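Before any comments, here is the structure.
The values are calculated or read from the model by the stated rules, or taken from the named source; none is laboratory data. Everything numeric here is computed off the predicted structure, so don't read it as measured data. Note that we place each Cβ from the backbone using ideal geometry, even for glycine, and neighbour counts take in every protein chain shown. Heavy atoms of the whole protein, side chains included, go into the accessibility calculation; ligands, DNA and RNA do not. Shrake-Rupley method; radii C 1.70, N 1.55, O 1.52, S 1.80 Å.
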Amino acid sequence: MSNIFNVHILGSSAAIPTSTRYTTTQVVNYRSKYILLDCCEGAQIQLRRMHLPLLKIDHIFISHLHGDHYLGLPGLIFTMHLLGRKKKLHVYAPHGMREIIELQYKISRLEPGFNIQYHLIHEARQLLYEDSFISIETIGMKHGLPSFGFLINEKPAPLNIRKESIEQYQIPVPQMQDIKSGKDLRLPGGKVVPNEEITLPPTPSRSYAFCSDTGYTEEYLEQIAEVNLLYHEATFLHDKVDVAAEKTHCTALQAAQIAQKASVKQLMLGHFSARYDELAPFLDEAKSAFENTILAVEGSMVEIGIESNVYKTSEEQTQ
Ligand SMILES: [Zn+2]
C-alpha cells in the first residue's frame, strides 16, 4: 500500500470568501483514505476542481459552528445523495451540527439515501477516530464558541527486517511478524539471533495538527509538540494584535511563536482575513520567528513529513 500522507488546501480565507480564496477547508489523504477538515461554502466545487474523489470522503470533521467552517456541508451531503451514495458518512462536530443538517432536510422533505452518523465533539483530547494506521483526537481551541483542532497521528510502524538477514537465515514468512514486533529469531538448531542484529529502526511516524480558529493560547503546546506539520490560523498581521485578541484569533507572528515553542517541524499559515489581498507579508512576519513556514495556498498539496515543502519563496507561495 502506498504511504501517502498529504493535505490538500481547498480554502484559506477567514470568515468572508474573497475573489481568490474560499474559507477554511482541507482534505487529508492518508493512504487513499480521504478526510475532510471543515467544509466551507463551495467545498464541493473545490473538490471537483482539485479532482478529489467526493464520494470517497467517509469522515468529515467540523472544528466549530461558525458559518465559514461548515456552511458547505448541507450542499455536499445533497450532492453525495444525488450521486447515489449508499455508504455511511461519519460527521464529527460540536453540538448543533446534527440539528442544523436535519432541519435542512426536514424542510426540504428530502432524506439522504445513506446514513449519517454524528459523533459529538465536546472536549479537548477526545479520541474521535482510530484505525490500524492513524488516530485522530481533538485539540482544544480558545474561541468565541466551542472550537476544536484535530491532531492526526500515525501509529508507530513495525521494525524493518534487513534484506540480507532474510536471505542469510531464510526467515520463514510466518516468523516475520514476530520479528517486526521485536522478537528474536529462533533458528531450527536452537540458536537465537538477537532482534537488533536483523532489524532496522521503523520508519518514523508522521503527524499533522490542524489548529482551527483560536486566540493565542499555550494550552495545547505539549499536545502538538514536534508534529511534522502544524496548520495554524493566522487571521491578522501583528500590527492588528489587539483586534486579533478581541476576536479570539491569532496573528502570523503568534502562530509562528506557537510553532517555535512546540518545536514543530513545519508551520503552515491559513485563515487569512479577507482584508488582505497580499499574503507575502504573512510569510515574512512568521519567518521572523519560525523560518520553516509556508502559506496554505489554495489548490496546493502539502506532503506531511517531507522536508522539501520548506524551501519555497514568497513569490512561489503566493502565485
Ligand atoms: Zn470562528
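Tyr34 meets all of the listed conditions (1) free of Cβ contacts under 8 Å to residues at least 24 places away in the same chain; (2) in contact with a Pro (Cβ under 9 Å, 6 or more places away or on another chain) but one, namely (1).
Do we find a residue being open to solvent by 70 Å² or more (accessible area, probe 1.4 Å), modelled with pLDDT of 95 or more and not in a helix (DSSP H, G or I) anywhere in the range 181-201? Looking through the range 181-201, none of the residues is open to solvent by 70 Å² or more (accessible area, probe 1.4 Å), modelled with pLDDT of 95 or more and not in a helix (DSSP H, G or I). For Lys155, the conditions (1) over 30 Å from Cys211 (Cβ atoms); (2) in contact with a Phe, Trp or Tyr (Cβ under 8 Å, 6 or more places away or on another chain) are fulfilled apart from (1).
Can you find even one residue in the range 209-225 that is away from the ligand (no atom under 16 Å from the Cβ), among the aromatic types (Phe, Trp, Tyr) and either open to solvent by 60 Å² or more (accessible area, probe 1.4 Å) or part of a loop (DSSP other than H, G, I, E, B) (or both)? Yes: one or more hits. Per the listing Thr235, Thr199, Thr203, Thr251, the residue uniquely more than 16 Å from the ligand (Cβ to nearest atom) and touching a helix residue (DSSP H, G or I) at 6+ places or on another chain (Cβ under 8 Å) is Thr199. Selection of first residues in the range 256-276 that are crowded, with 18+ Cβ neighbours inside 10 Å and of second residues that are among the aromatic types (Phe, Trp, Tyr), restricted to Cβ pairs under 7 Å at least 6 apart or on distinct chains, gives the following pairs, ordered by first then second residue: Ala256/Phe290; Ala259/Phe290; Leu267/Phe290; Met268/Tyr231; Leu269/Phe282; Gly270/Tyr231; Phe272/Phe282; Ser273/Phe236. Among the residues here, Tyr22 qualifies as open to solvent by 10 Å² or more (accessible area, probe 1.4 Å), under 22 Å from Gly270 (Cα atoms) and touching a residue at least 60 places away in the same chain (Cβ under 8 Å).
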